[in-house]
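Okay, structure first, notes after.
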Amino acid sequence: MSDKSSPTKPKKLAEIRDWGIETDVAVIGFGGAGACAALEAADAGADVTIFELASASGGSTALSSAEIYMGGNGGTRVQKACGYDDTSDNMKAFLKTAFGSNADEAKIDAYVDNSVDHFNWLVEKGVPFKDSELKERAIMALTDDCLLFTGNEKAYPFTESAYPVPRGHNLEIEGDNGGPLLMKILTEQVEKRSNITVSYESRALTLITDDSGAVVGVLVRVNQQEVAVRARKGVILCAGGFCMNEDMVRKYAPLFDKKLEPIGNPGDTGSGILMGLGVGAGTVNMHECFTTIPYYPPQSLTYGIFVNDKGQRFINEDCYHGRVGFNALVQQHNHSKRIYLITDVEGYGDYEKMSYLGAQVAGTGETAEELEQELALPEGTLSSTLEVYNRNAENGEDPLFHKSDAWLRPIKPPFVALDCTLGRGTFYPFFTLGGLDTLSTGEVLTPERDIIPGLFAAGRTTAGIPRTAAGYASGMSVGDATFFGRMAGKAAAAR
């Protein structure tokens with residue numbers, strides 16, 4: 001960070017001697033949110049300049065699988081082709097159940113009501129989707145199939161509120177290559193527009209405000225020089241989250257300050273959030289992060305059970321991996337020092353050939369009692385848990401946690417225990433889910449929810465649709481970033 005400028009100390013208009021760059025809309029960050037913001041602002045007639053810290057576009061979107069969570073309104077073209085009717089009420093009910101009291105209902109309504117249009121907008125821009133579904137339980141589609149269940153849609157308690165529909169839209173490309181392809185297409189679209197200029201290796205330092213508090217520009221370091229950028233219509237902050245800023249994580253999300261593996265790009269330092277705070281913006285949901293135990297593939301591990309150091313189950317294992325990770329890390333961590341996934345030889349399956357989990361085998365046993373002893377669990381705990389689970393699973397029932405009968409069967413000896421305890425090798429990634437408080441238009445708000453004129457934000461710089469790992473589904477962040485990036489671009493251009 002510059003010795004001269006701090007993100008939380010905005011410059012006053014009176015301090016600016018000359019504008020090195022003038023534009024209608026200044027977009028900070030060239031990931032999925034920034035690209036879509038720039039495209040919509042430019043297509044509405046505004047001159048746009050993107051300032052990107054790195055030497056190329058991409059951001060965290062390019063590092064993702066780029067499933068995009070879309071549906072409602074009767075379904076996207078892909079959903080319809082695969083035989084699904086997804087109503088807007090159904091999708092809204094699922095999302096509002098997923099995020100509970102954390103949910104921003106106005107954003108959910110805007111997102112769902114325009115979701116099919118967003119799908120069509122992406123297709124119009126050249127994003128390829130194939131009309132086919134991946135039926136297996138997977139974290140991502142490594143085939144070129146384009147529709148899959150990516151969250152808790154088929155798991156209790158979500159099935160009590162909404163009927164299951166897959167909404168994860170994977171790009172038509174094999175392997176984990178959706179993010180790079182999406183950003184390649186969006187970047188090509190940006191480069192086609194004569195009214196968008198891109199400035200790479202340009203670090204946004206702080207915002208510039210007039211006497212009324214309106215944002216009128218941004219100070220950027222380009223070629224080691226501080227340049228004042230006048231933004232006649234507005235500045236859009238699309239600078240990512242703060243998972244790479246250890247101090248911010250410790251301050252705002254202490255429950256996740258546990259040496260987790262941050263997933264994002266090096267620019268996810270919270271600079272956009274800090275710039276917003278500097279001009280009086282409010283923040284929302286800063287204590288929440290996405291985290292996960294990526295225990296499938298192989299999907300056969302779903303037949304197993306998760307237990308704590310009391311030998312007790314704590315969740316239905318057919319949930320989305322992020323919900324399981326959240327429960328293991330946040331809800332169990334304070335009173336349980338160990339987490340195990342108990343399975344059998346059939347469930348263990350291809351674990352050694354194809355998995356992301358990284359968990360080591362902590363013990364095996366020909367009987368539940370033998371495994372219990374090997375794991376040093378209290379006598380009678382694991383054996384009792386397995387007896388109750390197996391007896392009910394035999395009848396296709398799970399009265400304790402309501403696991404779907406599709407994943408219920410007795411776990412048979414010999415038993416295997418995978419050590420999913422944090423700090424023992426298991427992969428626990430995380431990224432932040434809190435940020436600036438915004439309207440659905442991307443307009444940034446004060447703590448009293450007054451609009452800060454001239455300031456917009458989108459993506460993980462904001463608190464968007466996804467609010468907790470307990471209700472997350474893959475594709476929500478890219479869906480949120482691209483859609484609300486578009487809304488911010490439109491609103492800024494119209495100002």
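For the reader, a short list of remarks on this structure follows.
- Estimated at 0.36 nm per residue, the fully extended path between residue 251 and residue 451 surpasses their Cα-Cα distance by 69.4 nm.
- Relative contact order %, the chain, counting alpha carbon pairs below 8 Å whose residues are six or more apart: 23
- Isotropic mean projected area of the C-alpha convex hull, segment 206-250 (nm²): 4.7
- Over segment 311-443, relative contact order from alpha-carbon pairs under 8 Å, at least 6 apart, %: 36
- If you plug the beta carbon distance of residue 105 and residue 412 into 1/(1 + (r/R0)^6) with R0 = 30 Å, you get a FRET efficiency near 0.05.
- If a spin label sat at a point 7 angstrom from the Cα of residue 192 along the line to its beta carbon, the backbone N atoms of segment 105-125 nearer than 20 Å would be those of 117-125.
- Distance from segment 297-332 to segment 413-473 (C-alpha centre basis), Å: 20
- Gain in span if fully extended, residue 80 to residue 214, counting 0.36 nm per residue against the direct Cα distance: 43.7 nm
- Charge dipole (debye, nearest 20) of the chain; +1 at Cβ of Lys and Arg, -1 at Cβ of Asp and Glu: 1340
- Anisotropy class of segment 442-492 from Cα gyration tensor, a/c 1.5 cut: oblate
- Bridge type composition, the chain - antiparallel percent by DSSP, nearest 5: 60
- Measuring against 30 Å, Cα to Cα, the residue pairs 107/310; 80/125; 107/184; 135/192; 184/251; 92/125 contain 107/310; 135/192; 184/251 as the ones spanning a longer distance.
- For segment 405-495, the fraction of alpha-carbon pairs lying more than 16 Å apart is 66 percent, rounded to a whole number.
- At 1.567 mPa s and 4 °C, Stokes diffusion of the chain via Kirkwood alpha-carbon radius, µm² per second: 55
- GluC sites (Glu not before Pro) within segment 87-140, DSSP loop, no more than 16 other Cβ atoms inside 10 Å: 136
- Take the Cα of residue 424, step 7 Å toward its Cβ, do the same at residue 277, and the gap between the two points is 3.6 nm.
- Estimated FRET transfer efficiency (residue 125, residue 174; beta-carbon r; R0 35 Å; 0.05): 0.95
- Seen through its C-alpha gyration tensor, with square-root eigenvalues sorted a ≥ b ≥ c, segment 9-131 comes out prolate because a/c lies at 1.5 or above while a/b is bigger than b/c.
- Where N is the number of residues in segment 338-411, Cα Rg divided by 2.2 N^0.38 Å: 1.17
- To the nearest ten degrees, helix 88-99 and the longest principal axis of the Cα atoms of the chain are 80 degrees apart.
- Value of Rg to Rh for segment 287-370 (Rh from inverse mean 1/r over Cα pairs, i.e. Kirkwood): 0.95
- Cut-off 19 Å (backbone N to label point 7 Å along Cα→Cβ of residue 374), residues of segment 400-419: 411-419
- Each Cα pair of segment 132-178 feeds into the Kirkwood radius, which the Stokes-Einstein equation turns, at 25 °C and 0.890 mPa s, into a diffusion coefficient of 221 µm²/s.
- With a simple spin-label model that places each label point 7 Å from the Cα along the Cα-to-Cβ direction, the separation between residue 387 and residue 15 comes to 7.1 nm.
- Between the beta carbons of residue 310 and residue 55, assuming R0 = 41 Å, the FRET efficiency works out to 0.20 to the nearest 0.05.
- Cross-link partners for residue 154 among the aspartates and glutamates, with Cα-Cα distance under 20 Å and sequence neighbours closer than 8 places in the same chain left out: 67, 85, 86, 89, 133, 136, 145, 317, 318, 397, 398, 405.
- Taking 0.36 nm per residue of separation and subtracting the Cα-Cα distance, full extension of the segment from residue 225 to residue 299 would add 21.4 nm.
- Of the two radii for segment 94-242, the radius of gyration is 1.06 times the Kirkwood radius, both from the alpha carbons; that is the Rg over Rh value.
- Calculated [θ] (222 nm, deg cm²/dmol) that DSSP helices of n ≥ 4 give over the chain, each run adding -39,500 (n - 2.57): -7500 deg cm²/dmol
- The GluC sites (Glu not before Pro) of segment 301-388 that DSSP puts in a loop, and whose beta carbon has at most 10 other beta carbons within 10 Å, are 352, 366.
- Mean projection of the Cα convex hull over all viewing directions, computed for segment 333-459: 12.3 nm².
All of the numbers you see were taken from the coordinates with simple rules; none came from a lab. A quick note: this is a predicted structure, and the numbers were derived from the prediction, not measured. Here the Cβ is made from the backbone with ideal geometry for all residues, glycine too, and neighbour counts use every protein chain on show.
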